[in-house]
Amino acid sequence: MSTLTIFNAAARDAAEAAPSATTSRPIPAVIGADLEVPVKGGRLVGYANLDYAASAPCLEPVSAAVAAALPAYSSVHRGAGYASQLTTARYEQARHTLRAFAGARPDDAVIFTRNTTDATNLLAGCLPAGTTTVVFDTEHHASLLPWPQAVRLTPPAFPGAAVRAADEALAAIDGPKLLVVTAASNVTGELWPIAALAHIARRHGARILVDAAQLVPHRKLNLTALDLDYVAFSGHKLYAPFGAGVLIGRRDWLAEGEPYLKGGGAVRSVGDDVEWHDDPEPRHEAGTPNVLGAIALAAACDALSATGWTELVREEERLIARLRAGLASIPGVRELSLWGDDHPRVGIVSFTVAGYSAREVAEALSGEYGIGVRDGKFCAHPFVRHLLGTADGGCEDGTASAVRASIGIGTTQEHVDRLVEAVRDLVSRL
């Protein structure tokens, strides 16, 4: 069987699995939906996983795609054997799937990485000499820290202030410039005005990188329509916890940047001199890549697209509204928000409980009620300190934290109600 036949077969299989324009599928199930965990007194209860913003569970179609790929798993790109050719076809088909899922331009590079942090660091190493990065202090550390030369902007009081601050900062910079911004906050869930920020970047001859890690599990992304230069996101937040992420965007900086890793696959030839690949994908994917992670990530994209975003968003908004209303009804509970209660957001709520530390709340929720949440500063220390302020105590020495509940596919109304009643019970003990 020829290589072309194998590649065409893989593409045909993917096309048959892709969603049609007129139909949608039921919301897929997650692995672990029936997990039971021990609570105080030795009882077992069904686990209420409300920690999706950290890592989402695996979708059943994703697990099935990995299982289907394992029997023929082999190395990619250079093997002549059938298994190697088939695995290569599946890996490259995953690249096409990611490009379509992100709404990328036909010539955009799609580079598989470990996660969003890996992707942003890869881009940081490819910036033209003298590039200045503009970034808000509201960002996750993955977007805040990698840049060799950065202008950091304070948290804006409202979305228009974010656009104005970026406008002023970019106008003051000479030479290459890059604006870095999240699409959805990993602390508050609030959606950022990325279309307006992309317009501002373009007006000043800058490029824009969007951290879409918290957006893509919840909302459709269209890089081309938004006029974005680069997007990065992680599989483990997108129901594909197999160690892969992706950087998608314009090829020129990536083609000219120093190879992210130096080794096999990144080179055309090695002699007295080294000739590196000009194409960004092989140039920055040295060594044996995470083939199964890429296949898993593509399977998650296919599953979400097949389900249809209308139903996914409708169910999420129903549950997050119920959660927020329930928490708001409890005395001493404060939800963290940058732009107010009415600003659009994805399924993330961070809050504090007067009289308890965040760790005490999280441990009680786990140990007594079988609820998993996150406590801390969520790899966004400057932002969390800004939101908490001195009113919540301990913030001046950097120790204050919050509790974060986050939802997704597999979250039920019972999970949400259990959290609200558990917090109500904790407050009643004070």
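Checking ARG90 against (1) at pLDDT 95 or above; (2) of a type outside the set (Val, Ile, Thr); (3) closer than 30 Å to ILE320 by Cβ; (4) surrounded by 15 or more Cβ atoms within 10 Å (Cβ to Cβ): exactly one of these is not met. Which one?
Condition (3) is where ARG90 drops out.
Going through LEU327, LEU297, LEU336 one at a time, which residue ends up being in contact with a Ser or Thr (Cβ under 9 Å, 6 or more places away or on another chain) and not assigned by TED's automatic domain parsing to the domain that holds LEU247?
Working: LEU327 fails: in contact with a Ser or Thr (Cβ under 9 Å, 6 or more places away or on another chain); LEU297 fails: not assigned by TED's automatic domain parsing to the domain that holds LEU247.
The match here is LEU336.
Look at segment 93-130 and say how many of its residues are polar (S, T, N, Q), surrounded by fewer than 23 Cβ atoms within 10 Å (Cβ to Cβ) and closer than 15 Å to PRO289 by Cα.
Of the residues in that region, 2 qualify.
Kindly provide the set of residues from segment 125-150 that are in contact with a Leu (Cβ under 9 Å, 6 or more places away or on another chain) and outside any loop (DSSP other than H, G, I, E, B), ordered by number.
THR132, THR133, VAL134, VAL135, PHE136, SER143, ALA150
Checking the condition within 21 Å of the chain's Cα centre (by Cα) and in contact (Cβ under 8 Å) with a residue 12 or more places away in the chain, which residue from ALA64, ALA109, ALA33, ALA72 passes?
The conditions single out ALA109.
Please determine whether any residue of segment 220-242 is under 30 Å from ARG324 (Cα atoms), under 13 Å from the mean Cα position of the chain (by Cα) and surrounded by fewer than 18 Cβ atoms within 10 Å (Cβ to Cβ).
Taking every residue of segment 220-242 in turn, at least one turns out to be under 30 Å from ARG324 (Cα atoms), under 13 Å from the mean Cα position of the chain (by Cα) and surrounded by fewer than 18 Cβ atoms within 10 Å (Cβ to Cβ).
Where the second residue is β-branched (Val, Ile, Thr) and assigned to a helix (DSSP H, G or I) and the first is touching a residue at least 12 places away in the same chain (Cβ under 8 Å) and lies in segment 165-177, which pairs have Cβ atoms under 9 Å and are six or more apart or on separate chains?
ALA166/ILE200; ASP167/ILE200; LEU170/ILE200
Might you let me know whether segment 84-91 holds any residue that is within 22 Å of the chain's Cα centre (by Cα) and over 30 Å from GLY347 (Cα atoms)?
For segment 84-91, residues within 22 Å of the chain's Cα centre (by Cα) and over 30 Å from GLY347 (Cα atoms): present.
Would you kindly identify the strands (runs of 3 or more DSSP E) lying entirely within segment 192-259 that contain at least 1 residues that are of a type outside the set (Val, Ile, Thr) and closer than 20 Å to ALA299 by Cα?
By residue number, 230-234, 245-249.
Suppose we keep only residues that are at pLDDT 95 or above, surrounded by fewer than 18 Cβ atoms within 10 Å (Cβ to Cβ) and not acidic (Asp, Glu) within segment 383-420. Which one would you say is nearest to GLU190 (Cα to Cα)?
So, considering only residues that are at pLDDT 95 or above, surrounded by fewer than 18 Cβ atoms within 10 Å (Cβ to Cβ) and not acidic (Asp, Glu), the one nearest to GLU190 (Cα to Cα) is HIS386.
Go through segment 131-143 and report how many residues are touching a residue at least 60 places away in the same chain (Cβ under 8 Å), over 12 Å from LEU209 (Cα atoms) and either out of contact with any Ser or Thr (no Cβ under 7 Å at 6 or more places or on another chain) or surrounded by fewer than 23 Cβ atoms within 10 Å (Cβ to Cβ) (or both).
3
Can you list the strands (runs of 3 or more DSSP E) lying wholly within segment 27-120 that have 2 or more residues being farther than 19 Å from VAL246 by Cα?
Filter on segment 27-120 gives 36-38, 44-46.
Taking segment 261-295, which residues are in a helix (DSSP H, G or I) and under 16 Å from ALA119 (Cα atoms)?
PRO280, GLU281, PRO282, ARG283, GLY293, ALA294
For segment 300-311, state whether one or more residues are in contact with a Phe, Trp or Tyr (Cβ under 8 Å, 6 or more places away or on another chain) and either hydroxyl-bearing (Ser, Thr, Tyr) or in a loop (DSSP other than H, G, I, E, B) (or both).
yes
The values are calculated or read from the model by the stated rules, or taken from the named source; none is laboratory data. Bear in mind the structure is a predicted one, so any value in this text is a computation, not a measurement. Glycine gets a Cβ as well: all are built from the backbone with ideal geometry, and neighbour counts include every protein chain shown.
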